Amino acid sequence: MKYVDEFRDGTLACGLARAIAAEVRPSRDYHLMEFCGGHTHAVSRYGIQDLLPPNVRLIHGPGCPVCVLPIGRIDSAIALAQEHDVILCTYGDVLRVPASERRSLLQAKAAGADVRMVYSSLDALRIAQETPDREVVFFAIGFETTTPPTAAAVRQAKALGLKNFTAFCNHVLTPAAIRGILDSTAPEGTGRAKGARLDGIIGPSHVSTVIGSRPYEFVAEQYQRPVVIAGFEPLDVMQSIFMLIRQINAGRAEVENEFTRAVNRDGNHKAQTLVAEVFDLRPAFEWRGLGVIPYSALCINAAYGDFDTERRFPIPYRAVADHKGCECGAILRGVKKPQDCRLFGTACIPENPVGSCMVSSEGACAAHYTYGRYRDYRDAGPTRKAVND
Ligand code: SF4
């Protein structure tokens, strides 16, 4: 196949649905987590769950970058913009993520702070060059996909000798999060929040173009769970589900790659070298919903310390609990669904999010609100109205 619409072909999807149904054993359940927010969006948008037998359950994972950003880090960004008078630059979705007391960077901007939306880290660098009398902070978030552009901006700032540019690094690591989730399925008494039962993992697309398939091999070897790296189109996701079910039925646990048109075993060596040049591992980092996971995030290393916001500004970190009605934590661990939250579609909607999962189109709550809430209505029958219809 060559063109994107071929990966959305309904006839082929029906054929794959029949192949999955033929492969599935009625005597057991299959709990498959799509780690990545892009897959969560695709699953909701194309109604993939509806094409699967009822004993194949898709579980949304924590792979939406803004969803896993803890409230304390957003509070720190707001403090930087309001108390240190910096120009704070970041990606659009981050501006709307609720922080403490339901504040957000967007509200800080409305109250006079200089908060700017950028499309890339290099936009922030350009702003620093154009305003040499102001401190510019790039609020850097995301998984391995957005880490190389931050590294490029920091390296470029050093090459240009910029004195007014730093990056507030919040980049996180996919394999460590998968380990955190799998550890949370460990028996009671291990001290971690309880996670969902997982029989297999649909591996991320874009992240894997950078890191390759090799970093997931521990999932198969140490946790005996299969992984299939999948592209973002609906046929990619369905083919990956088929491959996972085939592995599970055969009692195999291997890393397979469905997304061969973009991912290989070793990933993008140039991007990995750039990241290794600028960043170190953090010993610990708090994730929303998953708690503190060791060695799961990056910080700017000593060689580039002059461009590290956390070294230039005193921004003490304070862990903050989610809104008490919000179920984002349980949703990010895969133990609840968006419709299990009593705020879903009432107090919490994309225009007025209470929790982080309702902000980005990759968030499980936002995706279900956009594409799935009318299915809830259909499934509940005529006596129940869909939320917010
Ligand atoms: S619906 Fe809103 S409040 Fe509920 S879990 Fe989702 S984001 Fe949190």
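Normalised by the empirical 2.2 N^0.38 Å for globular proteins, what value does the Cα Rg of the range 241-389 take?
1.42
Would you work out the charge dipole size for the range 15-157 about its Cα centre, treating the Cβ of every Lys and Arg as +1 and the Cβ of every Asp and Glu as -1, and quote it to the nearest 20 debye?
Roughly 500 debye, rounded to the nearest 20.
Go through Glu101, Glu34 and list them by solvent-accessible area, largest first, probe radius 1.4 Å.
Numbers: Glu101 165, Glu34 0 Å².
In descending accessible area the options line up as Glu101, Glu34.
If I build a Gaussian network model for the chain, linking alpha-carbon pairs within less than 10 angstrom, which residue out of Pro226, Pro350, Pro132 has the largest mean-square fluctuation?
Pro132
On a 0 to 90° scale, report how tilted helix 147-160 is relative to the longest principal axis of the chain, with both axes built from alpha carbons and the result rounded to the nearest 10.
Here the helix axis deviates by roughly 20 degrees.
If you take the square roots of the eigenvalues of the alpha-carbon gyration tensor of the range 3-58 and sort them as a ≥ b ≥ c, do you get rounded (a/c under 1.5), prolate (a/b over b/c) or oblate? Before the final figure, lay out each step's value.
Details: a/c = 2.60, a/b = 1.27, b/c = 2.05.
Oblate shape, in that a/c is at least 1.5 and b/c is the bigger or equal ratio.
When the accessible area of the chain is split by element with a 1.4 Å probe, what percent falls to carbon and sulfur?
Within the chain, the accessible surface is 52 percent carbon and sulfur.
So how exposed is Leu106, as accessible area in Å² (1.4 Å probe, rounded to 10)?
Surface accessible to solvent at Leu106 totals approximately 80 Å².
Which residues' amide hydrogens lie under 5 Å from the amide hydrogen of Phe279, considering only partners 5 or more residues apart or on another chain, with H built in the peptide plane?
Distant-sequence amide H within range of Phe279: Asn301.
For Cys14, project a label point 7 Å along Cα to C-beta. Then give me every residue of the range 205-245 with its amide nitrogen under 20 Å of that point.
Counting backbone N atoms under 20 Å from the label point, the list is 234-239, 242.
Using alpha carbons only, how many angstrom separate the centre of the range 269-302 from the centre of the range 39-67?
Cα centres, the range 269-302 to the range 39-67: 27 Å.
Starting from the exponent 0.38 and prefactor 2.2 Å, build the expected Rg for the range 79-170 from its residue count and divide its actual Cα Rg by it.
Rg over 2.2 N^0.38 Å, computed on Cα atoms: 1.04.
Taking all protein chains together and a probe of 1.4 Å, list Thr90, Thr209 from the most accessible to the least accessible.
Numbers: Thr90 0, Thr209 45 Å².
Largest accessible area first, the residues go Thr209, Thr90.
Nothing charged except the Cβ atoms of Lys and Arg (+1) and of Asp and Glu (-1): what's the magnitude of the dipole of the chain about its Cα centre? Round to the nearest 20 debye.
Value, rounded to 20: 640 debye.
Pairing the Cα long axis of helix 174-184 with the longest principal axis of the chain, what angle in degrees results, from 0 to 90 and rounded to the nearest 10?
Tilt relative to the chain: about 60 degrees.
With equal scatterers on the alpha carbons only and no solvent term, can you work out the Debye log10 of I(q)/I(0) for the range 117-191 at 0.11, 0.15, 0.18, 0.20 1/Å?
-0.39, -0.57, -0.70, -0.80
Using 7 Å Cα-to-Cβ label points, what is the Glu351/Tyr374 separation (nm, one decimal)?
1.8 nm
When N counts the residues of the range 1-113, how does its alpha-carbon radius of gyration compare numerically with 2.2 N^0.38 Å, as a ratio?
1.58
Taking K and R as +1 and D and E as -1, what net charge do the other residues with C-beta under 11 Å from the C-beta of Thr40 add up to?
Numbers: positive: Arg45; negative: Glu34, Glu362.
My count for the surroundings of Thr40 gives -1.
Apply the Karplus parameterisation 6.51 cos²θ - 1.76 cosθ + 1.60, with θ equal to phi minus 60°, to every residue of the range 96-110 and state each ³J(HN,Hα) to the nearest whole Hz, in sequence, with x for glycine and proline.
9, 5, x, 10, 4, 6, 6, 7, 8, 5, 5, 5, 4, 5, 4
Just the Cα atoms of the range 62-216, one point each, no solvent: what log10 I(q)/I(0) does Debye give at q = 0.15, 0.19 Å⁻¹?
Ignoring solvent entirely, the Cα scatterers give -0.85, -1.14.
Just for the Cα atoms in the chain, what are the lengths along the principal axes, largest first, rounded to whole Å?
On the principal axes, the chain reaches 66, 49, 49 Å in Cα extent.
Amide H neighbours of Val292 under 5 Å, at least 5 residues apart or on other chains, H built in the peptide plane: list them.
It is Trp287, by chain and number.
Which whole number in µm²/s is D for the range 149-293 by Stokes-Einstein, with the Kirkwood Rh taken over Cα pairs at 37 °C and 0.692 mPa s?
Value of D from the Cα-based Kirkwood radius: 192 µm²/s.
Please report, in cubic angstrom per residue, the volume enclosed by the convex hull of the alpha-carbon atoms of the range 213-300.
Expressed per residue, the convex hull around the Cα atoms of the range 213-300 is 134 Å³.
For Phe35, enumerate residues with amide H under 5 Å from its amide H, sequence gap 5+ or separate chain, H modeled in the peptide plane.
Ile202
Heavy atoms of the protein only, probe of 1.4 Å, neighbouring chains included. What is the accessible area of His84 in Å², nearest 10?
Accessible surface of His84 is approximately 60 Å².
Any idea which of His31, Tyr216, Val359 is furthest toward the positive side of the dipole for the chain, if Lys and Arg beta-carbons carry +1 and Asp and Glu beta-carbons -1?
Most positive-ward Cα: His31.
The values are calculated or read from the model by the stated rules, or taken from the named source; none is laboratory data. Owing to the predicted nature of the structure, the values given are computational and were not obtained by experimental measurement. Using ideal geometry, Cβ is built from the backbone for each residue, glycine included, and neighbour counts are taken over all protein chains shown. For accessibility, only protein heavy atoms count, side chains too; no ligands or nucleic acids. Shrake-Rupley method; radii C 1.70, N 1.55, O 1.52, S 1.80 Å.
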